[in-house]
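Just below is one structure, and these are the notes that go with it.
The values are calculated or read from the model by the stated rules, or taken from the named source; none is laboratory data. Keep in mind that what you see is a predicted model, and the values were worked out from it rather than measured. Note: ideal-geometry Cβ built from the backbone for every residue, glycine included; neighbour counts use all protein chains shown. What goes into the accessible areas is simple: the full protein's heavy atoms, side chains included, and nothing from ligands, DNA or RNA. Shrake-Rupley method; radii C 1.70, N 1.55, O 1.52, S 1.80 Å.
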Amino acid sequence: MNNQDIQFCIESVSNEVTLMLMKEYGWDIREAMDKFLLSDTYRKLENPQTGLYFQSPVYVYEMLTEEFSKNKVTPELS
């Protein structure tokens, strides 16, 4: 895969995860994106060496919610 393909995959997964966060937590798009983009999960997703961009959005979402539970993230934006 070239860098353009990897970036497309990262953006596609990110869009889906953001939609899942909006649905699950009732956040607007800005809150959902802020939470996701500031997460360790997103840092792993954007690092091509992890291969996380190749996983399903559901898998990434589950990683993110696990991170949230460990960090005690609440539905309110911190």
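Brief remarks on what is shown
- Against the chain, whose longest principal axis is taken from its Cα atoms, helix 3-25 shows a tilt of about 20°.
- Taking amide H atoms as placed 1.01 Å from N in the peptide plane, the amide H of residue 27 has no partner under 5 Å among residues 5 or more positions away or on other chains.
- Over the chain, accessible surface divided per residue gives 68 Å², non-protein components excluded, 1.4 Å probe.
- Rg/Rh for segment 2-69, where both radii come from Cα atoms and Rh is the Kirkwood radius: 0.95
- The magnitude of the dipole of the chain, with charges of +1 and -1 set on the Cβ of Lys/Arg and Asp/Glu and taken from the Cα centre, is near 140 debye.
- Using the Cβ-Cβ distance between residue 4 and residue 28 with R0 set to 22 Å, the FRET efficiency from 1/(1 + (r/R0)^6) comes to roughly 0.15.
- Among the GluC sites (Glu not before Pro) found in the chain, those both in a DSSP coil and sparsely packed, with 11 or fewer other Cβ atoms within 10 Å of their Cβ, are 76.
- Full-extension gain in nm, residue 11 to residue 38, via 0.36 nm per residue minus C-alpha separation: 8.2 nm
- In sequence order, segment 49-62 has phi-based couplings of 5, 6, x, 5, 4, 7, 7, 6, x, 5, 4, 5, 4, 5 Hz under the Karplus curve 6.51 cos²θ - 1.76 cosθ + 1.60, θ = phi - 60°, and Gly or Pro positions carry x.
- Relative contact order computed over the chain (Cα-Cα under 8 Å; 6+ residues apart), in percent: 33
- Solvent-accessible area of the chain (1.4 angstrom probe, protein heavy atoms only): carbon and sulfur portion equals 51 percent.
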